[in-house]
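The values are calculated or read from the model by the stated rules, or taken from the named source; none is laboratory data. None of the values given here were measured: they were computed from a predicted structure. Please note: Cβ atoms are built from the backbone with ideal geometry, for glycine as well, and neighbour counts cover all protein chains shown. Calculation scope for accessible area: heavy atoms of the full protein, side chains included, ligands and nucleic acids excluded. Shrake-Rupley method; radii C 1.70, N 1.55, O 1.52, S 1.80 Å.
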Amino acid sequence: MILQLLLELQTRLRTGLAAGGMILLSDLRLLELQKKVGVLATKSPVFQRLSNLLQSLADDPELFADRLLETLSLLEALLITQADWKADAAGEAIVLPAEKAYTDIRYSQLKPLIQALTTTGSGRYEIIEKTYQHHPERFADYRVLPALIADLDDAYGELAELNEQILRVCGAGIVPFLKEGFDPAGKKAMLRRIRLIVDLAGNRENAFYRSMVPLAQPAILKEIIRGLACDPDNCDLLMRIANNEKGKLKETALYALTRIRDPKVDAFLLEKIRKNSRFLHYAGYTNDPEITALVCASVKEQLQSVLEAQALPTLDAEKALIESLKLLAYKTGPAISELVCWILDQDAAFSAVRDHQKKPFRTHIRFARVRPLAYLVAGSCERTLSETVLEIVFTSWLADQNDAAEALIRTLVQRWPDKAAALYARMRLIQNFEQAYEELTEAFAGQPRSFFTQLWACVEYDEALKQYVYRSALIANPLQEDTAVIPLGKTLDLRWIDLLTGQRNVEKGLFKKTTVTVYGEEDPLGSSVLVHLADPENKLLRQKLSDYFDQRRQTAGHLYFKQVYGLPLKEELLAYLKHSAFGPGQMAMMTRAFCRPREAVPVLNELRDDWKKKRPNAQLWEFYVLESAITQCEESEDE
């Protein structure tokens with residue numbers, strides 16, 4: 001068994017640590033163990049590293065102590081990750097349950113990072129942040145990970161938050177390390193640990209959550225409750241907590257409970273609502289007919305008051321109304337249909353309602369969850385009250401894609417084709433992705449290009465899944481955000497690209513006619529959609545996008561297109577920035593966003609020289625911003 005081998009090797013090395021190098025290196029038992037590790041070295045890189053370290057013990061007497069400690073550290077990491085040995089017909093394989101437990105990085109490269117994590121004083125944040133930006137793989141190393149977890153209680157709060165952010169990126173493989181030594185009565189470090197465990201493990205650690213409930217202090221119990229919401233079997237426990245606790249814990253338990261769709265939960269919530277209508281706030285996920293009717297009645301009463309006043313006098317009143325509208329999500333049936341139809345009938349009156357600034361009341365809920373393109377404005381998410389309700393109806397369908405929600409959308413588009421057309425079109429795009437072009441262009445032939453651009457606003461090509469997906473936020477309660485990721489298909493009908501770019505052929509010339517391809521006006525949302533649709537492996541799509549963006553060289557969309565396909569963009573970036581109204585800070589940020597450090601240095605140098613020519617009387621700080629960015633890129637390049 002490999003575990004026995006590792007334990008025996010650890011015993012030999014620890015004995016040698018006390019007895020000295022001469023005795024250890026002359027120990028025949030160590031030589032025998034070294035031969036066995038050499039056999040395993042052909043099976044896995046981690047054992048190759050162990051074999052190399054064992055061989056290096058005899059290379060240089062002066063380095064013996066350092067190499068022995070490094071060998072013991074690697075052995076400790078292997079034992080902690082519970083290395084196991086499996087035999088099957090194909091041979092033998094090594095299984096390590098922890099993700100990225102091994103990295104072949106010299107200790108000298110890790111030393112500054114480990115010191116920053118294990119000591120106090122100034123300058124540590126910069127070292128850790130810089131390492132995370134340029135060498136994130138170092139945090140997965142077995143010598144760094146324990147120090148990173150231990151530093152979650154760093155006295156410098158911003159550094160502790162950065163450590164938490166880095167650990168979240170490490171993935172679910174670190175959960176066993178987070179659980180080790182966990183104290184449910186602890187303070188901020190334990191709070192950060194449990195938050196990570198819940199986010200990374202979900203319901204896989206349900207037994208752990210349940211075991212911690214009786215011992216947890218309030219802040220940690222709040223996070224544990226969030227974890228309990230991941231498993232429907234916890235509804236009885238959550239009901240007990242909701243009945244016994246008060247204040248924020250009671251509120252968290254109710255929000256957690258209502259994420260579980262179960263008749264027992266509906267009955268529990270209905271009883272609370274009958275006693276006190278304020279419990280309607282926790283009815284966001286239920287589709288119980290009686291609760292739905294009560295929610296709809298309450299929302300309609302609020303809306304009628306708004307219509308009478310034709311105003312929302314305070315920001316709090318606006319927020320309260322939006323939260324009430326969100327309660328309509330995930331509900332179907334006669335009550336919800338009747339309310340939505342009533343709201344659409346009153347659309348003109350609702351559009352005239354004024355907010356606390358005496359402007360027309362609008363909501364600003366962003367649903368798209370595609371990869372953000374920082375220098376392309378992805379369109380406004382401003383909506384009227386009626387448009388907001390329609391979006392909530394659509395997210396209800398997205399979450400479950402059930403027949404009742406689909407029937408409501410079909411009813412709405414038949415009765416209000418101008419208002420509900422976008423909902424129906426998006427639904428059909430998702431349902432019939434690869435054949436949607438004929439259906440939708442025929443059904444909405446009179447719609448402008450912007451209508452179809454909005455249709456694709458939540459679609460992107462997912463390189464990990466190798467297909468197109470619809471990615472949108474769902475209506476969620478304060479406990480947790482929810483995102484719908486719906487696979488669409490691997491193939492994009494390229495006629496959509498022609499439509500989205502406004503491509504058409506026109507004849508030019510009086511005597512000798514020539515046909516040229518022209519495109520519609522460029523808009524940031526349209527360019528953002530096209531970049532998100534780019535499939536790096538689709539050559540025909542690449543050519544179509546290249547033809548379009550070649551006529552849009554002075555746009556950020558052209559730069560993103562080149563970045564997606566890995567094309568040189570130095571000249572285009574320089575031309576774009578030189579003709580822009582950006583200041584030095586924005587130019588430096590954009591250069592670093594589009595270029596690796598080595599490529600960014602010449603771009604920043606040229607921008608600095610151009611800035612000096614155009615603005616000889618500029619303030620010194622303006623040059624300092626660019627000089628500082630150049631220095632940072634040069635340092636990153638050196639690393």
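On the stretch given as the range 319-337, residues that are assigned to a helix (DSSP H, G or I) and open to solvent by less than 20 Å² (accessible area, probe 1.4 Å) total 4. In the range 338-354, the residue that is nearest to Ala588 (Cα to Cα) out of those that are assigned to a loop (DSSP other than H, G, I, E, B) and open to solvent by 20 Å² or more (accessible area, probe 1.4 Å) is Ala352. Screening Gln357 on (1) open to solvent by 50 Å² or more (accessible area, probe 1.4 Å); (2) modelled with pLDDT of 95 or more; (3) of a type outside the set (Val, Ile, Thr) shows it passes everything except condition (2). Where strands (runs of 3 or more DSSP E) fall wholly inside the range 454-554, the ranges with 1 or more residues that are among the hydrophobic types (A, V, I, L, M, F, W, C) and more than 30 Å from Lys419 (Cα to Cα) are 504-508, 514-518.
Across the range 511-522, not a single residue is classified as closer than 30 Å to Glu622 by Cβ and of a type in the set (Phe, Trp, Tyr). For beta carbons closer than 8 Å, sequence separation of 6+ or different chains, a first residue in the range 235-263 that is touching a residue at least 40 places away in the same chain (Cβ under 8 Å) and a second that is among the hydroxyl-bearing types (Ser, Thr, Tyr) and assigned to a helix (DSSP H, G or I), the qualifying pairs are Tyr255/Tyr282; Thr258/Tyr282.
Residue-wise test of (1) modelled with pLDDT under 70; (2) open to solvent by 20 Å² or more (accessible area, probe 1.4 Å); (3) not assigned by the TED database to the domain that holds Gly173.
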site	(1), (2), (3)
Ala18	yes, yes, yes
Leu28	no, yes, yes
Gln34	no, yes, yes
Asn52	no, yes, yes
Gln55	no, yes, yes
Phe64	no, yes, yes
Glu70	no, yes, yes
Leu74	no, no, yes
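Among the residues of the range 26-56, the one identified as touching a Lys or Arg at 6+ places or on another chain (Cβ under 9 Å), within 21 Å of Asp141 (Cβ to Cβ) and not in a helix (DSSP H, G or I) is Ala41.
In summary, Ile105 fulfils each of the numbered conditions (1) touching a Phe, Trp or Tyr at 6+ places or on another chain (Cβ under 9 Å); (2) open to solvent by 10 Å² or more (accessible area, probe 1.4 Å); (3) β-branched (Val, Ile, Thr) with the single exception of condition (1).
Considering only residues in the range 452-481 that are open to solvent by 30 Å² or more (accessible area, probe 1.4 Å) and of a type in the set (Asp, Glu), the one that is modelled with the lowest pLDDT turns out to be Glu481. Of everything in the range 443-499 that is more than 20 Å from Leu525 (Cα to Cα) and of a type in the set (Val, Ile, Thr), the residue that is nearest to the chain's Cα centre (by Cα) is Thr483. Ala534 passes every criterion in (1) under 17 Å from the mean Cα position of the chain (by Cα); (2) in contact (Cβ under 8 Å) with a residue 40 or more places away in the chain apart from (1). Listed conditions (1) loosely packed, with under 13 Cβ neighbours inside 10 Å; (2) touching a residue at least 12 places away in the same chain (Cβ under 8 Å); (3) of a type in the set (Asp, Glu) are all met by Glu627, apart from (1). Apart from one condition, Tyr142 fits all of (1) part of a helix (DSSP H, G or I); (2) in contact with a Leu (Cβ under 9 Å, 6 or more places away or on another chain); the exception is (1). Of the listed requirements (1) on the phi > 0 side of the Ramachandran plot; (2) open to solvent by less than 40 Å² (accessible area, probe 1.4 Å), Arg426 misses just one: (1). Among the residues of the range 456-479, are any among the β-branched types (Val, Ile, Thr) and touching a strand residue (DSSP E or B) at 6+ places or on another chain (Cβ under 6 Å)? Taking every residue of the range 456-479 in turn, at least one turns out to be among the β-branched types (Val, Ile, Thr) and touching a strand residue (DSSP E or B) at 6+ places or on another chain (Cβ under 6 Å). Restricting attention to the range 370-394 and to residues that are among the β-branched types (Val, Ile, Thr) and farther than 18 Å from Val299 by Cα, the residue that is least open to solvent (accessible area, probe 1.4 Å) turns out to be Val370. Selection within the range 283-297: residues that are open to solvent by 20 Å² or more (accessible area, probe 1.4 Å) and either assigned to a helix (DSSP H, G or I) or not assigned by the TED database to the domain that holds Ser337 (or both). The member of this set that is farthest from Lys264 (Cα to Cα) is Ala297. The residues in the range 208-230 that are polar (S, T, N, Q) and either outside any helix (DSSP H, G or I) or open to solvent by less than 60 Å² (accessible area, probe 1.4 Å) (or both) can be counted, and the count is 1.
The rows are residues; the columns are (1) over 30 Å from the mean Cα position of the chain (by Cα); (2) assigned by the TED database to the domain that holds Leu577; (3) open to solvent by 30 Å² or more (accessible area, probe 1.4 Å); (4) under 19 Å from Glu571 (Cβ atoms).
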position	(1), (2), (3), (4)
Met589	no, yes, yes, no
Ala593	no, yes, yes, yes
Arg596	no, yes, yes, yes
Ala600	no, yes, no, yes
Asn605	yes, yes, yes, yes
Trp611	yes, yes, no, yes
Lys614	yes, yes, yes, yes
Leu620	yes, yes, yes, no
Thr631	yes, yes, yes, no
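Hey, any hits in the range 188-207 for a residue that's more than 25 Å from Asp482 (Cβ to Cβ), in contact with an Asp or Glu (Cβ under 7 Å, 6 or more places away or on another chain) and open to solvent by 50 Å² or more (accessible area, probe 1.4 Å)?
The initial filter retains those residues of the range 188-207 that are more than 25 Å from Asp482 (Cβ to Cβ), namely 188-190.
Next, from what is left, pick out any that are in contact with an Asp or Glu (Cβ under 7 Å, 6 or more places away or on another chain): 188-190.
Imposing the further condition that a residue be open to solvent by 50 Å² or more (accessible area, probe 1.4 Å) reduces the set to 188.
Among the residues of the range 188-207, at least one is more than 25 Å from Asp482 (Cβ to Cβ), in contact with an Asp or Glu (Cβ under 7 Å, 6 or more places away or on another chain) and open to solvent by 50 Å² or more (accessible area, probe 1.4 Å), which makes the answer yes.
Scan the range 436-453 for residues that are touching a residue at least 12 places away in the same chain (Cβ under 8 Å) and either touching a Cys at 6+ places or on another chain (Cβ under 7 Å) or in a helix (DSSP H, G or I) (or both) and jot them down. Before the answer, list the steps.
Of the range 436-453, the ones touching a residue at least 12 places away in the same chain (Cβ under 8 Å) are 436-437, 440-441, 443-444, 447, 449-453.
Selection gives Ala436, Tyr437, Leu440, Thr441, Ala443, Arg449, Ser450, Phe451, Phe452, Thr453.
From Leu249, Leu280, Leu237, Leu269, which residue is more than 28 Å from the chain's Cα centre (by Cα), surrounded by fewer than 19 Cβ atoms within 10 Å (Cβ to Cβ) and part of a helix (DSSP H, G or I)? Only one candidate passes the filter, namely Leu237.
Among the candidates Gln4, Gln48, single out the residue that is at pLDDT below 75 and either open to solvent by 20 Å² or more (accessible area, probe 1.4 Å) or touching a helix residue (DSSP H, G or I) at 6+ places or on another chain (Cβ under 8 Å) (or both). Outline the logic, then answer.
Values: Gln48 fails: at pLDDT below 75.
Selected residue: Gln4, the only one of Gln4, Gln48 that is at pLDDT below 75 and either open to solvent by 20 Å² or more (accessible area, probe 1.4 Å) or touching a helix residue (DSSP H, G or I) at 6+ places or on another chain (Cβ under 8 Å) (or both).
Test of understanding: among Ala150, Ala155, Ala160, which residue is outside any helix (DSSP H, G or I) and either out of contact with any Asp or Glu (no Cβ under 8 Å at 6 or more places or on another chain) or at pLDDT 85 or above (or both)? So that I can check it myself, show each step before the final result.
Working: Ala150 fails: outside any helix (DSSP H, G or I); Ala160 fails: outside any helix (DSSP H, G or I).
Answer to the selection: Ala155.
The C-beta contact set for the range 181-205 (first residue assigned by the TED database to the domain that holds Ala150 and at positive phi, second residue assigned to a helix (DSSP H, G or I) and at pLDDT 90 or above, distance under 8 angstrom, 6+ apart or interchain) comprises Gly202/Gly227.
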